[in-house]
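**Student:** Let me give you the structure first, and then I'll get to my questions.
Please treat every number below as a calculation from the coordinates, not as lab data. Since the structure is predicted, the reported quantities are computational estimates derived from the model, not experimental observations.
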């Protein structure tokens with residue numbers, strides 16, 4: 001990856017959201033027409049919930065955040081398998 005790099009401050013809170021952007025199996029963000037936005041990945045609360053938009057309780061997005069964060073990192077690093 002090449003600069004410029006960007007950062008955002010993240011602060012813990014007692015609320016969350018579970019209806020984020022749509023992604024594929026590699027955690028790549030999808031446009032409205034279903035095509036991939038190259039180089040953009042999402043996981044956790046930023047990713048559409050595996051609970052289909054429901055938020056049954058605190059922490060529900062932590063497991064998917066870990067799994068899809070791992071998948072995104074593997075894919076971005078070239079070890080994620082076919083597109």
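**Student:** Between the helical axis of 62-76 and the dominant principal axis of the chain, each derived from Cα atoms, what acute angle in degrees is found, rounded to the nearest 10?
**Tutor:** Roughly 10 degrees between the two axes.
**Student:** Sticking with this structure for a sec: Which of 21, 50, 29 ends up with the largest GNM mean-square fluctuation for the chain, with Cα atoms connected below 10 Å?
**Tutor:** Between 21, 50, 29, it is 50 that shows the largest mean-square fluctuation.
**Student:** Given 0.36 nm per residue, what is the gain on full extension from residue 10 to residue 33 after removing their alpha carbon distance, in nm?
**Tutor:** Values: separation 23, 0.36 × 23 = 8.28 nm, distance 2.95 nm.
Net length gain for the segment: 5.3 nm.
**Student:** Give, to the nearest whole percent, the P(r) tail of region 28-76 beyond 12 angstrom, counting all Cα pairs. Please report the intermediate quantities before stating the final value.
**Tutor:** Working: 750 of 1176 pairs.
When every Cα pair of region 28-76 is considered, 64 percent fall beyond 12 Å.
**Student:** Sequence gap at least 6, Cα distance under 8 Å: using those rules, report the relative contact order of the chain to the nearest whole percent.
**Tutor:** Details: 107 pairs, mean separation 24.1, N = 83.
Across the chain, relative contact order equals 29 percent.
**Student:** Taking only Cα atoms and a 10 Å spring cutoff, compute GNM fluctuations for the chain and point out the largest among 56, 12, 64.
**Tutor:** 12
**Student:** To continue, here is another question. Please compute the contact order of region 28-76 in relative form: average sequence separation of alpha-carbon pairs under 8 Å and at least six residues apart, divided by the residue count, as a percent.
**Tutor:** 36 percent
**Student:** With n ≥ 4 as the cut-off for DSSP H runs, can you work out [θ] at 222 nm for the chain, using -39500 (n - 2.57) per run divided by the number of residues, rounded to the nearest 500? Could you put the intermediate results ahead of the total?
**Tutor:** On the way: 1 runs with 15 residues, N = 83.
The per-residue figure over the chain is -6000 deg cm²/dmol.
**Student:** At q = 0.21 Å⁻¹, work out log10 I(q)/I(0) for the chain with the Debye formula, treating every Cα as an identical point scatterer and leaving solvent out; two decimals please.
**Tutor:** -1.05
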